[in-house]
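A.B. asks: Please see the structure below; I have some questions.
The values are calculated or read from the model by the stated rules, or taken from the named source; none is laboratory data. As the structure is a prediction and not an experimental result, all values here were calculated from the model. Using ideal geometry, Cβ is built from the backbone for each residue, glycine included, and neighbour counts are taken over all protein chains shown. These area figures cover heavy atoms from the full protein model, side chains too; ligands, DNA and RNA do not enter into them. Shrake-Rupley method; radii C 1.70, N 1.55, O 1.52, S 1.80 Å.
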Amino acid sequence: MPVIGFDSQGLSPIGSVLIGSPRNDLAVIPEPDTRYPDGQDDPPRARPRHIASPVDRHDLYELCVQSPVHLVPLLRAIHGGDPRVLAEDFCGTAAVARHWVRAVPGARAVAVDHDPSVLDRAADAGADLAGRLTFIRGDAASASDLSIAAHRADVLFVGNFSIGEIHERAALVAYLRHARARLNPGGVIVCDTYGGESAFRLGAVTRPHPLPSPAGARVHYTWQQRRADPFTGMVECALHFRIEEAGQITDQLFDAFVYTWRLWSVPELRDAMREAGFISTEVHTRLPGAADAAPRTTPIADPRDIPPSFIVCVAGRVDRPSAQGAQGSQPVRDLKEPGGRGEEH
C-alpha cells in the first residue's frame, strides 16, 4: 500500500490537494521508500540540526505550506453568503487572516494564538491593516477566555490540522461549543483534516519550491509522518527545509516544526460538532466554480467521491444553509480531475 505524501505549497502540509494549487499534487510514494531530507534512512531528528542561519522557518512555512490566495475563496464559498469577518484560531503568523482582510472589501479578521512571538511577527506583516485585523494572545481551545469570546465572526477557520492540538474528545466538544457561540447567524466553522487508508502510515516526501532570491535558489520542503498510532489516533509529524543555491545545499532546518496531533476522523469531527450544537455538518473537497465576489461550492454527498487517501474540510453550520448558500448552483470542479486545480501560479 502506498504512503501518503504531502506536497510543497498548499494550504497545509497536505492541504494543497484540497485547494488544488497547480504546482501542488498529492504525492504518493511506495512503502518502504521513506526518504528523509538528506536521503538517509534514519529520521533527521537523530542527527545534528543546522538552524543558525539567516533563513527563517516561518518565512519558509508561509512560502511552502500555505496558500491563502486559494483558501480565502474556498472559505467564502463554504459559507455560501457574503461573509465579512473571519476568526482564525491557532493562527500562527495569521497568513490567512491577513489575506482575508486584503482580499475581501470591507472585511475584518481576528487572529488567535498563544505564542506572542508569532503574533508579533503577524502584526508586523499586517501593519497596514490596523483597525481591520485584531490579534489576540490566548488559548484558542479554552472556552473560558473571554477576550476571545468577545469577537464574533462569520467564518471560524481552524487550519493546518490545528484541530489536532486538542487531544481529548471532551475538550474538543467544549471548544466547538465555544466556537459556535462566537459565530454570527449564518456562520460556519471550518476545520481541515486528513484520513483514509494511508492516514496512519509512516513516511516522508520532499518537494522543491523556488525561492524569491537569489536567482535559481530553491527550498526543498519535506513533510514527514514519523509516528502514528491507529489505536489512539495520535500522530507525530515534522517539517524540514533545505536551501539549495547553485546546486549546493547551503542551509538545512531539520525539525523546523514538529507536531503531536490527535488525528480526528471525519465522523468524529461531525459527531462532536453536532453535540456542540451545530445544526448541520458538511464535508468539502472541491474548489469554487468561479473566482468572483460570491463563489459557490457544494459539499460531498457520496463518500465514493473522495479518493482512498484524502484531505477534506469539515464544516459545521449554526443555521441551515439558505437556498443561495452552500448549495449554490454554480459548477464545481472535482480536485481529482486535472481541471480541478487552481489557476494561480
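A.B. asks: List every residue pair whose Cβ atoms sit under 9 Å apart, with the two residues 6 or more apart in sequence or on different chains, where the first one lies in the range 232-245 and is on the phi > 0 side of the Ramachandran plot and the second, anywhere, is part of a strand (DSSP E or B) and buried (at least 16 other Cβ atoms within 10 Å of the Cβ).
C.D. replies: These pairs meet every condition: Gly233/Trp261; Gly233/Arg262.
A.B. asks: May I ask you to list the residues in the range 151-167 that are within 18 Å of the chain's Cα centre (by Cα), open to solvent by 20 Å² or more (accessible area, probe 1.4 Å) and either among the polar types (S, T, N, Q) or at pLDDT below 95 (or both)?
C.D. replies: Answer for the range 151-167, where residues must be within 18 Å of the chain's Cα centre (by Cα), open to solvent by 20 Å² or more (accessible area, probe 1.4 Å) and either among the polar types (S, T, N, Q) or at pLDDT below 95 (or both): just Asn160.
A.B. asks: Still on this structure: Is there a residue being part of a loop (DSSP other than H, G, I, E, B), aromatic (Phe, Trp, Tyr) and free of Cβ contacts under 8 Å to residues at least 12 places away in the same chain anywhere in the range 151-161?
C.D. replies: no
A.B. asks: Which residue is surrounded by the fewest Cβ atoms within 10 Å (Cβ to Cβ), if the candidates are limited to the range 103-138 and must be touching a helix residue (DSSP H, G or I) at 6+ places or on another chain (Cβ under 7 Å) and among the charged types (D, E, K, R)?
C.D. replies: Across the range 103-138, the extreme among qualifying residues is Arg137.
A.B. asks: Filter the range 187-207 for residues that are among the hydrophobic types (A, V, I, L, M, F, W, C) and outside any loop (DSSP other than H, G, I, E, B) and give the result.
C.D. replies: Of everything in the range 187-207, those that are among the hydrophobic types (A, V, I, L, M, F, W, C) and outside any loop (DSSP other than H, G, I, E, B) turn out to be Val188, Ile189, Val190, Cys191, Ala204, Val205.
A.B. asks: Do we have Arg98 as open to solvent by 40 Å² or more (accessible area, probe 1.4 Å), touching a residue at least 24 places away in the same chain (Cβ under 8 Å) and not hydroxyl-bearing (Ser, Thr, Tyr) here?
C.D. replies: Here the answer is no, as Arg98 does not meet what is asked.
A.B. asks: Still on this model: Looking at Arg76, is it in a helix (DSSP H, G or I) and within 17 Å of the chain's Cα centre (by Cα)? Steps first, please.
C.D. replies: On the way: in a helix (DSSP H, G or I): yes; within 17 Å of the chain's Cα centre (by Cα): yes.
For Arg76, the condition - in a helix (DSSP H, G or I) and within 17 Å of the chain's Cα centre (by Cα) - is met.
A.B. asks: For the range 206-257, enumerate the residues that are of a type in the set (Val, Ile, Thr) and within 23 Å of Ile166 (Cβ to Cβ).
C.D. replies: Thr232, Val235 - these are the residues of the range 206-257 that are of a type in the set (Val, Ile, Thr) and within 23 Å of Ile166 (Cβ to Cβ).
A.B. asks: So which residues in the range 141-150 are in contact with a helix residue (DSSP H, G or I) (Cβ under 7 Å, 6 or more places away or on another chain) and either in a loop (DSSP other than H, G, I, E, B) or open to solvent by 70 Å² or more (accessible area, probe 1.4 Å) (or both)?
C.D. replies: Of everything in the range 141-150, those that are in contact with a helix residue (DSSP H, G or I) (Cβ under 7 Å, 6 or more places away or on another chain) and either in a loop (DSSP other than H, G, I, E, B) or open to solvent by 70 Å² or more (accessible area, probe 1.4 Å) (or both) turn out to be Ala141, Ala143.
A.B. asks: Quick one: what pairs do we get from the range 209-224, first residue part of a loop (DSSP other than H, G, I, E, B), second open to solvent by 80 Å² or more (accessible area, probe 1.4 Å), C-beta under 6 Å, 6+ apart or different chains?
C.D. replies: That search, which allows pairs on different chains as well, returns Leu211/Arg218.
A.B. asks: Still on this structure: On the basis of being within 21 Å of the chain's Cα centre (by Cα), over 15 Å from Val65 (Cβ atoms) and among the basic types (Lys, Arg), does Arg201 make the cut?
C.D. replies: When the stated conditions are applied, Arg201 passes them.
A.B. asks: Being modelled with pLDDT of 95 or more and either more than 18 Å from the chain's Cα centre (by Cα) or outside any strand (DSSP E or B) (or both) is the filter here; which residues of the range 108-119 pass it?
C.D. replies: Arg108
A.B. asks: Still on this structure: If you take the residues of the range 168-224 that are open to solvent by 10 Å² or more (accessible area, probe 1.4 Å) and among the aliphatic types (A, V, I, L, M), which of them is nearest to Phe310 (Cα to Cα)?
C.D. replies: That would be Leu202.
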